[in-house]
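Let me begin by presenting the structure, written as structure tokens, before commenting on it.
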Amino acid sequence: MRAATLCLALILLTAGCAEPATQVAAQHHHGVAATFSATDAGWLQLMIPMDEQALKLLALVPSRSKNPALVALAAALATAHRAELGRLRDLRTRMALGDTNPHEGHTMPGMLNADGLQTVARNSGPAFDALFRTHLKAHLDQSAQVSRSEETAGGHPSARTLAAALTKSRADQLTALGRLD
Amino acid sequence: MSHAPPVSRLLVLAAVLITLFGLTEAVDPSTARSADTPISQGRPALASSVENGGTPALAAVDGNPGTRWSSAAADPQWLQVDLGSSVSFNQVVLTWEAAYATAFQIQTSANGTSWTTVHTTTNATGGNQTLNVSGTGQYVRLYATARATQWGVSLWEFQVLSALPPNVVRVAEFLADCPFTHRLPDDPIIFPGLPGASHMHSFFGNTSTNASSTLQSLQNAPSNCNPTTDVSSYWVPTLYNNGVAVEPTGTTFYYLGEGVRDDLIAQTQPLPLGLRIVAGNAKATAPDATSNARWSCLHAGEVGSSKNFVNCPAGTMLESYLDFPQCWNGVDLDSADHKSHMAYPVAAACPASHPVMVPKLRQVLRYPVSGDPSHFALASGPGYTMHGDFFNAWPVAEMERRVRDCIRPIIKCGADGHP
């Protein structure tokens with residue numbers, strides 16, 4: 001339990017953890033051949049583009065915000081998101097899913113499209129900070145909600161475990177965002 | 001309404017009629033057939049033989065009582081007519097010339113080669129014979145085995161009369177009118193169990209649909225469809241006009257027997273319970289062959305149809321047509337890509353990989369918007385990303401009855417599944 005908590009804390013701020021080996025062992029103990037489900041695929045193929053868009057949003061902060069606390073938070077979140085994205089892409093490879101975004105061009109809850117990103121980028125200072133925080137919160141909330149669903153409705157333990165880690169990260173990240181108020 | 005002045009009432013009535021008329025346009029009226037005349041009249045006919053060039057087989061089905069078919073002087077002889085599609089009939093009228101047959105059979109066939117006898121006579125006396133014979137088939141044949149005279153057998157007219165009531169429209173169709181119910185960024189087919197994992201959808205029919213919907217949950221929830229017995233769920237990407245969601249006010253889901261040969265329509269199977277079908281292409285990047293939804297204008301046909309939004313004149317409505325694939329692989333209710341268990345017909349027949357012909361779902365949505373299409377966007381992007389999802393929860397018996405009574409016999413039925 002302590003190890004998991006430490007690991008999750010690391011996910012928030014650093015390059016994160018390897019998948020716990022106990023998962024694979026648990027499957028063998030139960031004699032169940034785990035398979036990836038449509039829900040796993042749907043979750044994964046949404047989290048990846050969401051994180052990719054979030055990284056583009058986070059990248060705007062250093063040049064546009066004058067709030068050091070916000071700049072620091074954005075840097076930590078960018079590091080965490082890059083690590084998370086690496087684990088999501090690894091899982092995508094294991095699932096033999098192509099590098100496609102089923103939501104390309106769609107208006108998605110909690111995800112900025114290219115136009116929305118440009119709009120945010122045209123702002124700076126406090127106006128930028130307000131827009132950024134609104135969109136960041138929407139991203140964190142939405143990815144947390146969908147990951148909570150994956151925890152319960154997902155199929156493969158690897159995907160559900162990663163979803164649980166992501167949900168926990170989001171809770172911490174939302175707390176950190178709230179502390180800026 | 002009871003206090004409305006007469007002019008207003010007329011306007012309301014006119015609006016209702018316009019709406020009703022609009023909703024009947026699922027099928028090109030030119031393909032509709034009348035049921036008033038003998039269904040054999042003017043159809044292709046063949047005979048075992050002719051006496052001479054002036055007595056062809058066609059003369060017996062031309063509606064002209066002054067021309068006749070006459071065979072060579074030998075037994076047996078036959079005359080068959082191709083009705084074009086499998087039809088139910090309940091009467092055959094024979095108008096014999098003096099050279100009649102004393103013994104003959106009336107036979108039907110689905111393919112023109114293997115025959116089923118539905119009536120046998122061995123002591124006929126010629127003249128005008130009205131036979132109350134019921135049968136179903138694309139081909140109907142007189143098979144004469146004994147002549148009354150030294151000549152061949154000869155008919156002024158050979159008439160097959162439809163069992164259908166007059167004025168039935170010969171279009172294989174039934175429908176469900178299912179208004180808008182709710183919006184959710186959910187998709188129980190593509191993103192099952194993941195609320196919020198989809199672009200915004202507008203749902204129709206079953207009032208309970210969400211990311212966790214299953215066949216069982218749909219069957220236990222109400223529908224706003226006419227008929228209410230259809231608890232299926234239908235959904236499309238939400239349409240936005242200047243960023244404001246607009247829901248269609250015309251929402252008809254037609255089930256059609258078309259796109260394949262008439263003899264194959266007669267073999268249509270019910271849509272299996274729990275079948276999921278996705279049509280259109282949410283990921284289309286251009287109005288190209290990967291997209292099959294069409295946009296047009298209600299009451300402004302001159303605008304034409306397009307894969308992308310069209311500019312409808314003021315006072316008309318933007319409408320979307322989408323045909324779902326109608327050939328099923330006979331095994332899977334869904335597939336990993338949600339498409340490969342279904343296919344579109346090839347050369348007017350279902351391909352060997354997807355041999356089961358089911359009714360073709362045609363989604364027709366009318367949106368109360370017109371004008372400059374640059375203001376319109378779907379939650380999935382431009383107009384050519386229009387798509388539709390269908391989760392079949394029709395009660396099995398209701399679906400079967402409609403396929404049997406409307407699709408196979410090629411009869412236009414309403415929401416109640418009756419002509």
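Of note:
- Residue in region A:147-158 that is more than 14 Å from chain B (Cβ to nearest Cβ) and within 16 Å of the chain's Cα centre (by Cα) present: yes
- The numbered conditions (1) in a loop (DSSP other than H, G, I, E, B); (2) more than 14 Å from every other protein chain (Cβ to nearest Cβ); (3) buried (at least 16 other Cβ atoms within 10 Å of the Cβ); (4) not β-branched (Val, Ile, Thr) are all true for B:PRO351 except (3).
- Of all the criteria given as (1) over 24 Å from B:ARG261 (Cβ atoms); (2) in a helix (DSSP H, G or I), the one not satisfied by B:ARG366 is (2).
- Residue ranges of helices (runs of 4 or more DSSP H) in region A:39-155 with at least 3 members surrounded by fewer than 20 Cβ atoms within 10 Å (Cβ to Cβ) and among the charged types (D, E, K, R): A:68-94, A:125-153
- So B:SER208, is it within 14 Å of chain A (Cβ to nearest Cβ), surrounded by fewer than 21 Cβ atoms within 10 Å (Cβ to Cβ), not in a strand (DSSP E or B) and not aromatic (Phe, Trp, Tyr): no
- Across region A:99-116, the qualifying residues are those that are within 11 Å of chain B (Cβ to nearest Cβ) and small (Gly, Ala, Ser), and the one among them that is nearest to A:ASP40 (Cα to Cα) is A:GLY110.
- Residue match in region B:232-246 (condition: without any contact (Cβ under 8 Å) to a residue 40 or more places away in the chain and either of a type in the set (Lys, Arg) or in a strand (DSSP E or B) (or both)): yes
- Considering residues of region B:216-262 that are buried (at least 17 other Cβ atoms within 10 Å of the Cβ) and charged (D, E, K, R) only, the residue farthest from the other protein chains (Cβ to nearest Cβ): B:ASP262
- Condition check for A:ARG89: basic (Lys, Arg), within 16 Å of the chain's Cα centre (by Cα) and within 14 Å of another protein chain (Cβ to nearest Cβ): no
- Search result, residues across region B:150-181 that are surrounded by fewer than 24 Cβ atoms within 10 Å (Cβ to Cβ), among the hydrophobic types (A, V, I, L, M, F, W, C) and either without any contact (Cβ under 8 Å) to a residue 60 or more places away in the chain or more than 30 Å from B:THR67 (Cβ to Cβ) (or both): B:VAL169, B:VAL171, B:PHE180
- Residue list for region B:182-199, filter: part of a loop (DSSP other than H, G, I, E, B), surrounded by fewer than 23 Cβ atoms within 10 Å (Cβ to Cβ) and more than 7 Å from chain A (Cβ to nearest Cβ): B:ILE189
- Residues that are farther than 28 Å from A:ALA164 by Cα and within 14 Å of chain B (Cβ to nearest Cβ) within region A:117-146 comprise just one, A:THR119.
- When region B:98-108 is filtered for residues that are crowded, with 18+ Cβ neighbours inside 10 Å and either modelled with pLDDT under 95 or assigned to a loop (DSSP other than H, G, I, E, B) (or both), the ones remaining, listed by number, are B:ALA99, B:TYR100.
For (1) polar (S, T, N, Q); (2) modelled with pLDDT of 95 or more, each residue gets a yes or a no:
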site	(1), (2)
B:VAL140	no, yes
B:ALA146	no, yes
B:GLN159	yes, yes
B:ALA163	no, no
B:ASP177	no, yes
B:HIS201	no, yes
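- Every residue from region B:399-414 that is more than 9 Å from the chain's Cα centre (by Cα) and under 14 Å from B:LEU264 (Cα atoms): B:VAL403, B:ARG404, B:PRO409
- B:GLN91 vs. criteria modelled with pLDDT of 95 or more, farther than 30 Å from B:LEU322 by Cβ and in a strand (DSSP E or B): no
- Members of region B:319-339 found to be free of Cβ contacts under 8 Å to residues at least 12 places away in the same chain and within 14 Å of another protein chain (Cβ to nearest Cβ), listed by number: B:ASP332, B:SER335, B:ALA336, B:ASP337
- Complete set of residues in region B:265-308 that are part of a loop (DSSP other than H, G, I, E, B), away from chain A (no Cβ under 14 Å), of a type in the set (Gly, Ala, Ser) and within 27 Å of B:ASN206 (Cα to Cα): B:GLY274, B:ALA293
- Residues within region B:375-410 that are in a helix (DSSP H, G or I) and more than 14 Å from chain A (Cβ to nearest Cβ), tallied: 13
- All of B:TRP151, B:TRP156 fail the test of being within 25 Å of B:HIS119 (Cβ to Cβ) and part of a loop (DSSP other than H, G, I, E, B), apart from B:TRP151.
The values are calculated or read from the model by the stated rules, or taken from the named source; none is laboratory data. From a predicted model like this one, the values you see are computed outputs, not experimental measurements. Note that we place each Cβ from the backbone using ideal geometry, even for glycine, and neighbour counts take in every protein chain shown.
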